[in-house]
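Since the structure comes first, as structure tokens, the remarks are kept for the end.
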Amino acid sequence: MKLPQLSSSLLAGLHCFSVVAETMSFTRAAEELHLTQSAVSHRIKKLEQRLEVSLFVRRPRHLSLTNEGEQLKLVVTEQFSAISLKLLELNRAKPFGDFIISAPPTFSQKWLVPKLSQFAEAFPDVTLHLRTRNDLIDFKAEAFDCAIYFGHGRYNGLISHHLMDDAIVPVCSPEYAEHHSLLDNPEKLAQCQLLHDAAPWASASLSDEWLYWANANGLELNGTNHSFDRADLALDAATCGMGVAIGRIAYIQDYLMSGRLVAPVDRPVKSPYSFYLVYREEHQGNAKILAFKQWLESQLN
């Protein structure tokens with residue numbers, strides 16, 4: 001006998017056989033399969049012809065399996081059970097349900113949210129909940145799936161994936177730069193109003209970001225001047241001519257391209273910290289987090 005090749009019709013016949021063999025009734029099998037009784041009978045006959053064996057002994061009001069039918073039932077039941085389990089496993093691996101993310105406010109506004117609709121379209125069964133904050137998450141006490149941190153990347157009990165580095169550079173309005181003769185004159189910054197992001201990273205002090213840039217460029221700056229609890233507020237204040245802000249490259253591209261801000265002292269310095277995706281160790285393999293991680297990486301390539 002020629003070995004039968006698997007096909008959709010053969011698989012349909014085997015599935016029909018498994019239901020008839022389980023119920024031992026063409027009528028009940030037809031009801032379960034949403035077919036007519038004659039359609040079920042036709043599929044079984046076609047399967048028997050293809051296999052060149054009889055699978056059932058048909059008597060009035062009585063149906064029983066032949067020896068070949070008993071053997072096939074054992075195999076088919078085992079294999080269909082394995083398929084059902086694998087389908088259930090695959091379905092559980094599909095991203096779905098509530099997905100709660102924490103991310104820094106300005107990163108969310110300037111980088112993440114403008115792109116987030118693409119993630120929502122790619123994973124329509126995921127319901128996004130974005131919460132913005134600069135401090136670190138207590139994953140044991142708070143119901144977050146993952147977070148984006150701007151930091152050093154080492155967090156006890158958490159998996160950390162590097163997303164991207166950043167650099168910082170002073171920015172101000174074109175009018176402010178001209179009025180204070182700032183173009184290529186970094187020493188003039190000492191006479192300017194400096195605008196600070198009060199929380200550039202977790203546990204940062206008020207002027208850390210400005211001091212880091214100044215030290216890298218061998219400059220001394222006076223005072224702390226004005227501060228804001230979000231980087232975008234400092235940038236917006238700079239566009240209004242309030243002073244000079246430290247701009248992260250990840251945040252300022254639109255400002256520079258539109259001409260609302262300029263970088264009069266074009267000496268960017270690599271930031272001491274980077275952006276990371278973090279989550280609990282026990283959430284390795286979580287379908288939603290893996291999907292989000294892969295999507296983030298696709299946006300950065």
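Read-outs: derived from the displayed coordinates by stated rules, not from any lab. This one's a predicted model, so the numbers in the text were calculated from it and none came from an experiment. Cβ sites come from the backbone with ideal geometry, for glycine too, and all protein chains shown count toward neighbours.
Here are some notes:
- Which of 262, 114, 24, positive extreme of dipole for the chain (C-beta unit charges): 24
- Gyration tensor (alpha-carbon) shape descriptor, the range 256-301, a/c threshold 1.5: prolate
- P(r), alpha carbons of the chain - 20 Å bins starting at zero, rounded %: 26, 31, 19, 16, 7, 0
- Across the cross-link table entries 140/288; 110/140; 140/293; 94/140, which are compared at the Cα atoms, the separations over 23 Å belong to 110/140; 94/140.
- Among beta bridges that DSSP assigns inside the chain, antiparallel share in %, nearest 5: 60
- Sparsely packed loop sites in the range 41-133 (the chymotrypsin sites (Phe, Trp or Tyr not before Pro) outside DSSP H, G, I, E and B with at most 16 other Cβ atoms within 10 Å) comprise 96.
- Measuring nothing but alpha carbons in the range 198-267 and taking Rh as the Kirkwood radius, the Rg to Rh ratio lands at 0.93.
- Our note on the geometry: Cα centres of the range 44-62 and the range 230-275, 78 Å apart.
- Loop sites here are GluC sites (Glu not before Pro) outside DSSP states H, G, I, E and B with no more than 15 other Cβ atoms within 10 Å. The longest part of the chain free of them is 53-141.
- Restricting the calculation to alpha carbons of the range 5-148 gives Rg and Dmax of 26.0, 77 angstrom.
- As a ratio to 2.2 N^0.38 Å, the alpha-carbon radius of gyration for the range 71-227 is 1.66.
- Lys/Arg +1, Asp/Glu -1 at C-beta; the chain dipole; positive extreme among 101, 171, 207: 101
- Exposed trypsin sites (Lys or Arg not before Pro) absent - longest run of the chain, DSSP non-H/G/I/E/B, at most 12 other C-beta within 10 Å: 155-301
- With Cα atoms as the point set, the radius of gyration and Dmax of the range 23-80 evaluate to 11.4, 31 Å.
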